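The values are calculated or read from the model by the stated rules, or taken from the named source; none is laboratory data. Small disclaimer: the values here were computed from a predicted structure and weren't measured. Note that we place each Cβ from the backbone using ideal geometry, even for glycine, and neighbour counts take in every protein chain shown. Areas reflect the complete protein model, heavy atoms only, side chains present, ligands, DNA and RNA absent. Shrake-Rupley method; radii C 1.70, N 1.55, O 1.52, S 1.80 Å.
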Amino acid sequence: MECISVFDMLKIGVGPSSSHTLGPWRAAEQFLAEIRERNLIDSINRIKVDLYGSLSLTGHGHATDLAVMLGLSGADPEYIPVESIDVIISAIKNKKEIFLGNEILIPFDPETDIVFNKNFLPFHANGLTFTVYTDTEQYSSTFYSIGGGFVVKEDREHAKENKEIKCAFPFPIDKAEELLAYCKKENKKISEIVFENEKSMRPEHEIHSELLRIWDTMLECMYIGCHTEGTLPGGLNVRRRAYDMHKNLIGVLPYDNPYSWLQIIRQTEVKFRQILKWVSCFALAVNEVNASLGRVVTAPTNGSAGVIPAVLMYYMVIENHDANEEQIKQFLMVAGEIGSIFKKGATISAAMGGCQAEIGVSSAMAAGALCEVMGGTPEQVLMAAEIAMEHHLGLTCDPIGGLVQIPCIERNTMGAIKAINAAELALETDPKNAKVPLDKVVDTMWQTAKDMNNKYKETSEGGLAIAVNLADC
């Protein structure tokens, strides 16, 4: 099994989709690396991109074509100024040429050089093939975006490398029962086990700074979403709701940046209805930013990016006003580890497993993380994750118009609320009385995914996606 870091499960990137935007973007970057290794880039006179399966069926709504163009242009999704995205895309479309790898200008017409093929490749639902042409040869390479921004090739060239890294972990983990056994043997919390593994890959100061950079990105994303009004792009005419909800909740207290904003929220009223509204507001804010090609943290996917920030923010502004960097890091490490268990044992791709693989996994990640920072034992943490996923089993992915908007944005609010509920249930339960271990629910989720009709796996060919169309909106 592959080695998965917290920073693999929590990636900084651009919306709206980790599997359909971030993954193809990273695949384009990897393809650029391949043609550089083969000394082809200076002699290329044409490039073609074929999108297959789910990438084709919902690619327009998920901005897959834009992501491919940005990746081929040499832009990095983690650092590109989001305001420059439209500039780059407009230049390519208007001039019908692309500055390949930021090195060579070649003809490129998105209308003909990006091909949407509805057929599925056998290896995975999200396949894409890049082909370059020179005067004397052509070279093709196929990649698969398997969810959460992860990209693989069918030959899995790096499988051996991943295994070697994993074997270097002091606590290699594939299943929840292994994680729990380490916690018992070492008398450590889950976050402490995860930290030991991370230290085998990078220095402590880097772990510290990168975890806080992830939190800063989450906080800024919530802040932007709560202070941006208008209508989301894509044709559904979805009005942003976080702005109005936030305006009604925040009152007139002054603030001028995300951190002073956090402090002000701590002073607001916290009756049950207000708590529900705040958590929903935080989740809506993130996914409205995501839907408009803004910068988010893939956690574990872009479509489910609002759940973990909303629950962590809930802990910071409602449950523990003294929460600091230590609790933030603790929360993120636990969330990342739980997500990796689902990725190894099942999937985090809606194209493979429906929305249970995205919102369900993010809710489980948030529930377990919240449980630990609230004082839960490792057994209770895993129970919280199990409860959250158990009540997302079978959840379909049927985005209207192939856009990560309806029902995706609201679903993040539901996942966040369920995560909080699951953590509270676990904290009030003796683990000895638990009937369903986390590994069993991971197995069940994967079996459910395999049994699910493909219409409900991010193809927009079933459910709400066909019951409601753009004309209705």
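Looking at the structure I just gave you, is Ile146 over 30 Å from Ser56 (Cα atoms) and of a type in the set (A, V, I, L, M)? Against the criterion (over 30 Å from Ser56 (Cα atoms) and of a type in the set (A, V, I, L, M)), Ile146 does not qualify.
Restricting attention to the stretch 414-442, the residues being open to solvent by 30 Å² or more (accessible area, probe 1.4 Å) and under 25 Å from Gly462 (Cβ atoms) number 2.
Hey, does the stretch 395-413 have a residue that's assigned by the TED database to the domain that holds Tyr315, acidic (Asp, Glu) and surrounded by 20 or more Cβ atoms within 10 Å (Cβ to Cβ)?
Step one: filter the stretch 395-413 for residues assigned by the TED database to the domain that holds Tyr315, giving 395-413.
Those still in the list that are acidic (Asp, Glu) too: 398, 410.
Of the ones still in play, those that are also surrounded by 20 or more Cβ atoms within 10 Å (Cβ to Cβ) are 398.
For the stretch 395-413, residues assigned by the TED database to the domain that holds Tyr315, acidic (Asp, Glu) and surrounded by 20 or more Cβ atoms within 10 Å (Cβ to Cβ): present.
A Cβ distance below 9 Å, combined with a sequence gap of six or more or placement on separate chains, defines the contacts here; from the stretch 98-116, residues that are without any contact (Cβ under 8 Å) to a residue 12 or more places away in the chain reach residues that are acidic (Asp, Glu) in the pairs Leu105/Glu97. The set of residues in the stretch 246-273 being more than 25 Å from Gly15 (Cα to Cα), open to solvent by less than 40 Å² (accessible area, probe 1.4 Å) and in a helix (DSSP H, G or I) consists of Leu249, Ile250, Ser260, Ile264, Ile265.
For the stretch 374-388, the count of residues that are at pLDDT 95 or above, in contact with a Cys (Cβ under 7 Å, 6 or more places away or on another chain) and either farther than 20 Å from Tyr315 by Cα or open to solvent by less than 20 Å² (accessible area, probe 1.4 Å) (or both) is at least one. For Glu229, indicate whether it is open to solvent by 50 Å² or more (accessible area, probe 1.4 Å), at pLDDT 95 or above and not in a helix (DSSP H, G or I). Yes; evaluated as a whole, the condition is true for this residue.
On the given criteria, is Glu103 open to solvent by less than 50 Å² (accessible area, probe 1.4 Å), at pLDDT below 95 and among the acidic types (Asp, Glu)?
Values: open to solvent by less than 50 Å² (accessible area, probe 1.4 Å): no; at pLDDT below 95: yes; among the acidic types (Asp, Glu): yes.
Criteria not met by Glu103.
From the list Ser43, Ser18, the lone residue that is buried (at least 18 other Cβ atoms within 10 Å of the Cβ) and either closer than 26 Å to Gly345 by Cβ or out of contact with any Cys (no Cβ under 7 Å at 6 or more places or on another chain) (or both) is Ser18.
Can you name the number of the only condition in (1) surrounded by fewer than 24 Cβ atoms within 10 Å (Cβ to Cβ); (2) among the small types (Gly, Ala, Ser); (3) under 19 Å from the mean Cα position of the chain (by Cα) that Ser200 fails? With (1) surrounded by fewer than 24 Cβ atoms within 10 Å (Cβ to Cβ); (2) among the small types (Gly, Ala, Ser); (3) under 19 Å from the mean Cα position of the chain (by Cα) applied to Ser200, the lone miss is (3). Considering only residues in the stretch 50-73 that are touching a Leu at 6+ places or on another chain (Cβ under 7 Å) and either acidic (Asp, Glu) or not in a helix (DSSP H, G or I) (or both), the one that is modelled with the lowest pLDDT turns out to be Gly61.
Selection of the stretch 53-68 for residues being touching a strand residue (DSSP E or B) at 6+ places or on another chain (Cβ under 6 Å) and farther than 20 Å from Asp398 by Cβ yields Asp65, Val68.
Go through Ser363, Ser280, Ser340 for me and flag whichever is crowded, with 21+ Cβ neighbours inside 10 Å and either touching a His at 6+ places or on another chain (Cβ under 9 Å) or of a type outside the set (Gly, Ala, Ser) (or both).
Values: Ser280 fails: either touching a His at 6+ places or on another chain (Cβ under 9 Å) or of a type outside the set (Gly, Ala, Ser) (or both); Ser340 fails: either touching a His at 6+ places or on another chain (Cβ under 9 Å) or of a type outside the set (Gly, Ala, Ser) (or both).
On inspection, the qualifying residue turns out to be Ser363.
The combined condition, being open to solvent by less than 20 Å² (accessible area, probe 1.4 Å), modelled with pLDDT under 95 and within 22 Å of the chain's Cα centre (by Cα), is fulfilled by Gly147.
Would you confirm whether any residue within the stretch 284-292 is open to solvent by 10 Å² or more (accessible area, probe 1.4 Å), assigned to a loop (DSSP other than H, G, I, E, B) and either of a type outside the set (A, V, I, L, M) or modelled with pLDDT under 95 (or both)? For the stretch 284-292, residues open to solvent by 10 Å² or more (accessible area, probe 1.4 Å), assigned to a loop (DSSP other than H, G, I, E, B) and either of a type outside the set (A, V, I, L, M) or modelled with pLDDT under 95 (or both): present.
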